[in-house]
Each structure stands twice: as structure tokens, then as C-alpha cells.
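Visitor: Here it is, the structure in full.
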Amino acid sequence: MKSAKGLLGAMTLVIAGAATAADDWYLGVTAGHYDLDGERAIVEDHNSVTAGVQVGKYVSDTLALELGYGANAGHDNFDVLSLNGLLWLNNSDATNWSPYVLFGLNQYDFQDASNLVLDHDDRSTQIMVGVGMGTRFDYGLEFRADLRGMAGHDEDGEDVGVQFSLNKVFGSKSAAPARVAAPVVSQAIAEPEVEVEQEPEQEVRTITVRLNVEFEFNKDTVLAVYGDQLDAIAAAMKAQDDIDLVLEGHTDSRGADQYNMSLSDRRAKAVKAKLVEDYGIPAARISAVGYGETQPIATNETDEGRARNRRVVGEMSFSEVYNF
């Protein structure tokens, strides 16, 4: 029990430290089943159903350090302490199922030593590796399921376990896809911007219509809030049927480079599809290209900056001559 109390104290310190840190961390509940090697048992293999808690801290986008405690909830009376690293193998889209690997240490704390072989300590430390799958839900909830294998660090036992975890993630990883704020004046263009150039005895007006559509995290859906901008650009294209439009898609820095390049291309094509399907603009007059995360216009260190970088932009200019 001293180990359990020590671990609970350490978990309290980790939770307090994680709660005050700016990085992502999580707190969760666990349920598991462990089947221990028969070498340490007198009569039958030890096995236990456990229920516990865990706390983890992300040290990068894909790597977390995790501390857990599982108390005996059935069968043989032993508890499980764990300290391990967790590495996501494909975390570019957290809403889909993604694989991960585990590596670290387990310690068994046998509360009843009556079935242990002679001279066996009531605690046993194991090297642990495992594989699993996980997914993310709304409100920062994360579900994981994994299979764990343990080999003796201080004895020759080979054990197997399964664990299910439900975590609440805190920090930027917990945020729901950001809602797009109402466009500011420079983005939501009610009327075409007018730049005036003077020539003798006539007035030349260069009219520039700009489009700036921002997206939710990891989404390529064009939100209805940008209808006014789409109306303006479509009207200009119908009035100036000799001018084409280039749409450029972008992402923030989260996710793999190749995935972000594909996502930015899908965003540009989604805006193009809106103009073609809803406004009847010929598809041949619109080009769509994705630049991934290579051309940010704001910092990727804040939620506000990343929201500005998740965008599709386009611009078309034409001149009109007015005689006096």
C-alpha cells in the first residue's frame, strides 16, 4: 500500500502541475484485466480486474507521458501501478480511429501473498509494451483500448493485460473546432473596394473583389456566414466574363505536412464547388490550389492565429473607364 499511496501523491503533484501548464494534458478513468504468468503462483495464475485513474501530459503533438493506478476490483487481490510513454502513430485527424504504442513500467502490489511462491516479494516490477487504438469525441473526450505485454524486470514472468480508458483532454487539443467570428470589415466585403486612377479627361476605376473564407479545425466545409462574400465574387465574375479566379487553400501547422497539403486542396475545391453549383459559374474559369501550412498569415502558437491560417483566399480585379 505504500507504493499506492506514493503513486497517488505523485499523481496529485502531476495533476496540479499539468493544470497550471500551458501544454495539453488529460485526466481519465480506466478499466482493465491482467492475467499474470503462473511462475509466481502456488496454485493458479494470478488474474485481476482493475478500476483506476490516470493522468497524462503531452510533450509533443504525438507523444504523451502517462501515470496510472488501477485498484483491484475482482479476482486476485493485487493493484497495478504504471508509468509509461504513449506515441500516436497517426494523429493528423483526431476524430478518426488512430493507432498508438505504449512503453514503460508496471508494478504489481500484491495485497494477499498467500498464493505467491516462497520468497517472492509482494511487489513486482515489469517492463511493459503495448499497442492500441483511440479516437476523440466532442468536448475533449478521448477513448482508448489497448493490449499490453509485460516481461520481468526483476523476475522471469511474462504477463498480458487489456485496458480501456476514457480521458478528458485539457488545453488546445480539447477545443471543439473553432467557430468563425463575424468577418471584420477588411474580410467581409459588402461593396467592392474601389481604387481610383486618374487620366486626363476620364476616370479609370480599378475594382478589386477579395474573398477570404476561414474554416473550422480539420474541416473543409464552407460555412454559411461567408455567403455575402460568395455573392460579391459571383456577381463580379458574371459581370466580367473574361476574368478567371484562382482560389488558394491553406491550413494551420497542426497535422502532418502531406495531410495538410491535401486538406488545403480540399478546402479550395470546396469553395470552387460552391461558386459552380450555387451560382452557375463555369468550372473552367476557377482554379483551386492548396499550399498546406507553408504560407501562414498569423502565428500558429495561438487558437486565434491558427483560425486565421485555416483559409481559402481569392482575388479578382478589373477596370472601368468613365468619360467626363
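Visitor: Among Arg148, Arg254, Arg123, what is the fewest-to-most ranking by other Cβ atoms within 10 Å?
Guide: Starting with the residue having the fewest Cβ neighbours, the order is Arg123, Arg254, Arg148.
Visitor: Classify the stretch 201-269: rounded, prolate or oblate, from the alpha-carbon gyration tensor (a ≥ b ≥ c, eigenvalue square roots; a/c under 1.5 rounded; otherwise prolate if a/b is larger than b/c)?
Guide: Because a/c hits 1.5 or more and a/b exceeds b/c, the stretch 201-269 counts as prolate.
Visitor: Once you put a point 7 Å from the Cα of Val321 and another 7 Å from the Cα of Arg123, both along the Cβ direction, what distance in nm separates them?
Guide: Result: 9.0 nm between the two label points.
Visitor: 7 Å from Cα along Cα→Cβ at both Asp228 and Glu203: what's the point-to-point distance in nm?
Guide: 2.5 nm
Visitor: For the stretch 193-323, what relative contact order do you get, as a whole percent, if you take Cα pairs closer than 8 Å and at least 6 residues apart?
Guide: So the answer I get is 38 percent.
Visitor: Same structure again: Mind computing the radius of gyration and Dmax over the alpha-carbon atoms of the stretch 207-312? Å is fine for both.
Guide: 13.8, 42
Visitor: So how do 227-235, 266-274 stack up, highest first, on mean other-Cβ count within 10 Å?
Guide: 266-274, 227-235
Visitor: May I pose another question? Please say if the stretch 271-324 is rounded, prolate or oblate, where rounded means a/c under 1.5 for a ≥ b ≥ c the square roots of the C-alpha gyration tensor eigenvalues, and otherwise the choice is prolate for a/b larger than b/c and oblate otherwise?
Guide: It is oblate, given that a/c is not under 1.5 and a/b is not larger than b/c.
Visitor: Still on this structure, I have one more. Sorted by mean Cβ packing within 10 Å, highest first, what order do the peptides 64-73, 138-147, 294-303 take?
Guide: 64-73, 138-147, 294-303
FYI, it's all coordinate maths here, none of it is from the lab. Bear in mind that the values here come from a model prediction, so they are computed numbers and not experimental data. Heads up, the Cβs are rebuilt from the backbone with ideal geometry, glycines too, and the neighbour counts pull from every protein chain shown.
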